[in-house]
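Chemist: First the structure, then my questions, so here it is.
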């Protein structure tokens, strides 16, 4: 619990909380459930960034009003309408911003979240970033939540992924302590992409996923504050970790690479190397070139066309990948690319790489 | 040979050239890394020009320069990452270069820029080493007669000893002798250069003094240099840039291996200009303006494939075939012709 108390506080004045609860209640009355909270990184005021980028939203209509604003937090209510080729999306959401983290609170369906909320975030890239948490983070969150609420937590079902981000077809509809789900996944070299959790008395019932979406199926918004604090902390940490790695910011223009270590010497297998290059080739909005591919090495240059970031991706050792930012490489681009790798290749930790 | 085969052969050869150059840079970095920690034999430079002691108008540019015995003796090293298996080429080019290295030269790291004596070291890719040694043995004493000690070592591509032991470039002794005993012994024991240790240095030192393959240079310009200008024009798919601005960025980020008088970067202006001209030919850039050398780079041109490395190589080869109508010659000869323009100015270096 010592760690829990060190997590950043979220400034949510009572009036803002009331507004959110009122929104949720009204949606409940309409029969809409559950509440989804989507976490995003916003490098500036979310509303200002939206206004700045309004030209890009030729197919979207926004109505919004700020409900309340303090020095560190703001709450804005949105109605968003977007024309799609075959139909039209329309729904409402709240954007609660605390520092550089924005929580989008909505009871909208999956289509609206993907083609509305995430579409909006992508249009505001690189100022607004869709980040991620890992399977390990989800496990840490559950551990904190369990000890804080003093309720044992059980899983209802999980979506598990394996190498190359393939969904494990055997979606687990079991019931057991959440740790069993993680242990079993580890044993089978899988990782948890999404997990539905409830307490024994069903006071808490929610779902967590690696794309930072929290689905509340039972309980009050405030009940899950610890989860939002943890996600905030992780997102800020990740943002800081990826920041200032461009060569233009370093003394003597030296490099500040990062390393993704894996547990085994994956790249000795030719098919894995080839499939890995295929994963890179599918990285959206990029140019790449393969400078070298041998056994077990490869060296690839990547140009992120969205914001002109460039980095190299290489495996000099068979059990790791080194990503080296070049003259100008944004934190947004590194986050987007590592998310792509974690989603489509394999989950792992990300650390600094020292070297010559 | 059909046009398709001709194109394929060209693509394969250019790709091999890029791989070999990539290895050459890593090998040079690796030798530097090893010798920086060797007390007896010191790494002096990777790209220094030395002059013939008897005729200072004659210059040589060895890939590697080492000194030993407290700097009183030296080694001139030459990396051959690619040798066409053509005896005439060896006699005309390789032996000619050896004869130049076999003279006393000025430019060493000493008070009078001289050493008492020096050896010659050839580092040859393992696919070519046996063939080359057989040719050398055949002509030794007739076509080629060296006064200095001469040693040949071979090197591998990036390879692995075995899983879990790290990955290396292997450099091992093949022929002759060297005055620096510790280095000779190391070659005989097999020198392992750990690749991980070269990773960060390669990001700053991507070019040796040797002229890079055109496609390799264009790849680096496209990904590392042009992008640093593009970000100032984020809403546009193209941007305009002066040659002088490109050179400034190259000088800042790809500065020379060691301080070399009169040189400010790993790349020559003439190489960059040649690469820019090729970008124009393959429609990824256009020349604009009439006075200063200025280019419009189409960095985010519509409909370009994601794999720009492959695209650039294909376009260069297609351009070459277009400009050199098909003749009854084999692809390697064609590529040699293609590289001729490069070789021509290699003499300039």
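Chemist: With each pseudo-label sitting 7 Å past Cα toward Cβ, what's the residue A:136-residue A:188 distance in nm, one decimal?
Modeler: 2.2
Chemist: Which FRET efficiency value, to the nearest 0.05, is calculated for residue B:53 and residue B:235 with the Förster distance at 60 angstrom and r the Cβ-Cβ distance? Before the final figure, lay out the partial values.
Modeler: Working: r = 59 Å, r/R0 = 0.99.
E between residue B:53 and residue B:235, to the nearest 0.05, is 0.50.
Chemist: Another question about this same structure. Per 5 Å bin from zero, what fraction in whole % of the C-alpha pairs of segment A:138-194 is there, up to the bin with the longest pair?
Modeler: 4, 20, 29, 23, 14, 7, 3, 0
Chemist: Residue B:282 versus residue A:223, label points 7 Å from Cα toward the beta carbon: distance in nm?
Modeler: Each label point lies 7 Å from its Cα, and together they span 6.1 nm.
Chemist: Mind pulling the per residue volume of the convex hull built on the Cα atoms of segment A:56-124? Å³ is fine. List each step's numbers first, then the result.
Modeler: Details: hull volume 6.0 nm³, N = 69.
Residue-normalised Cα hull volume stands at 87 Å³.
Chemist: While we're looking at this one, here's another question. Once Rh for segment A:38-165 is found with the Kirkwood sum over Cα pairs, what is the Stokes-Einstein diffusion coefficient at 37 °C and 0.692 mPa s, in µm²/s?
Modeler: Translational D for this selection: 197 µm²/s.
Chemist: Still on this structure, please answer the following. Using the count of nearby Cβ atoms within 10 Å as a rough guide to exposure, how do A:91, A:223, A:240 rank from fewest to most?
Modeler: A:240, A:223, A:91
Chemist: Any idea how far the Cα center of segment A:47-90 sits from the one of segment B:115-152, in Å?
Modeler: Result: 73 Å between the Cα centres.
Chemist: Using only alpha carbon positions, build the gyration tensor of chain B, then give the equivalent ellipsoid semi-axes as the square roots of 5 times its eigenvalues, largest first, whole angstrom.
Modeler: They are 36, 24, 21 Å, listed from largest to smallest.
Chemist: Kindly put B:17, A:11 in sequence by how many other C-beta atoms sit within 10 Å of each C-beta, fewest to most.
Modeler: On the way: B:17 21, A:11 14.
So the ranking, lowest neighbour count to highest, is A:11, B:17.
Chemist: Taking each residue of A:264-276 in turn, how many C-beta atoms of other protein chains fall within 10 Å of its C-beta, and what is the average? Don't skip to the end; give the middle numbers.
Modeler: On the way: counts 2, 5, 0, 2, 4, 0, 0, 0, 0, 0, 0, 0, 0.
Taking the mean over all residues of the peptide, I get 1.
Chemist: Along its principal axes, what span do the Cα atoms of chain A show, with the longest given first and each in whole Å?
Modeler: Largest to smallest, the principal-axis extents are 61, 49, 46 Å.
Chemist: What is the log10 of I(q)/I(0) for segment B:65-184, computed with the Debye formula using one identical point scatterer on each Cα and no solvent, at q = 0.09, 0.21 Å⁻¹?
Modeler: -0.28, -1.20
Chemist: Give the value in nm², to one decimal: projected area of the alpha carbon convex hull of segment A:129-283, averaged over all directions.
Modeler: 11.8
Chemist: From zero outward in steps of 10 Å, how is the percent of C-alpha pairs of segment A:247-352 spread across the bins?
Modeler: Once binned at 10 Å, the Cα pair distances of segment A:247-352 give 15, 51, 30, 4.
Chemist: Could you state the angle between the C-alpha long axis of helix B:243-253 and the longest principal axis of the C-alpha atoms of chain B, as a value from 0 to 90 degrees rounded to the nearest 10?
Modeler: Taking the Cα atoms of chain B, the angle to B:243-253 is about 50 degrees.
Chemist: At q = 0.09 Å⁻¹, what is the base-10 log of I(q)/I(0) for the protein assembly as shown according to the Debye formula with one equal point scatterer per Cα and no solvent? Please give it to two decimals.
Modeler: Calculated log10 I(q)/I(0) at the listed q: -0.88.
Chemist: Only helical DSSP H runs with n ≥ 4 go in: add -39500 (n - 2.57) per run for chain A, normalise by residue count and round the 222 nm mean residue ellipticity to 500 deg cm²/dmol. Kindly include the intermediate steps, with their values, before the conclusion.
Modeler: Numbers: 9 runs with 103 residues, N = 356.
For chain A, the value works out to -9000 deg cm²/dmol.
Chemist: Ignoring everything except DSSP H segments at least 4 long, calculate the 222 nm mean residue ellipticity for chain B; use -39,500 (n - 2.57) per segment, divide by total residues, nearest 500.
Modeler: It comes out at -12000 deg cm²/dmol, rounded to the nearest 500.
Chemist: I would also like to ask the following. Shielding by partners for B:191-203, please: the mean number of other protein chain Cβ atoms within 10 Å of each residue's Cβ.
Modeler: Values: counts 0, 0, 0, 3, 5, 8, 3, 3, 13, 10, 4, 7, 13.
Average per residue, whole number: 5.
Chemist: Expressed as an acute angle from 0 to 90° and rounded to the nearest 10, what is the orientation of the C-alpha long axis of helix A:14-29 relative to the principal long axis of chain A?
Modeler: 80
Chemist: Kindly express, to the nearest 10 degrees and within the range 0 to 90, the angle between helix A:135-149's C-alpha long axis and the longest C-alpha principal axis of chain A.
Modeler: Taking Cα atoms only, the helix is inclined about 30 degrees.
Chemist: Just to be sure I understand the model, the point goes 7 Å from the Cα along the line to the Cβ. What's the resulting residue B:302 to residue B:3 distance in nm?
Modeler: 2.7
Chemist: Then there is this: Given the Cα-Cα distance of residue A:22 and residue A:57 and 0.36 nm per residue of separation, how much length would full extension add, in nm? It would help to have the intermediate numbers written out before the result.
Modeler: Values: separation 35, 0.36 × 35 = 12.60 nm, distance 2.90 nm.
Contour length minus the Cα-Cα distance gives 9.7 nm.
Chemist: Could you sort B:227-234, B:310-317, A:100-107 so that the peptide with the highest average Cβ count within 10 Å comes first and the rest follow in order?
Modeler: A:100-107, B:310-317, B:227-234
Chemist: Per residue of A:319-332, count partner chain C-beta atoms within 10 Å of its C-beta, then hand back the mean as an integer.
Modeler: 3
Read the figures in this text as sums done on the coordinates, not as results from a lab. Nothing here was measured: the structure is a model prediction, and the numbers come from that model. Using ideal geometry, Cβ is built from the backbone for each residue, glycine included, and neighbour counts are taken over all protein chains shown.
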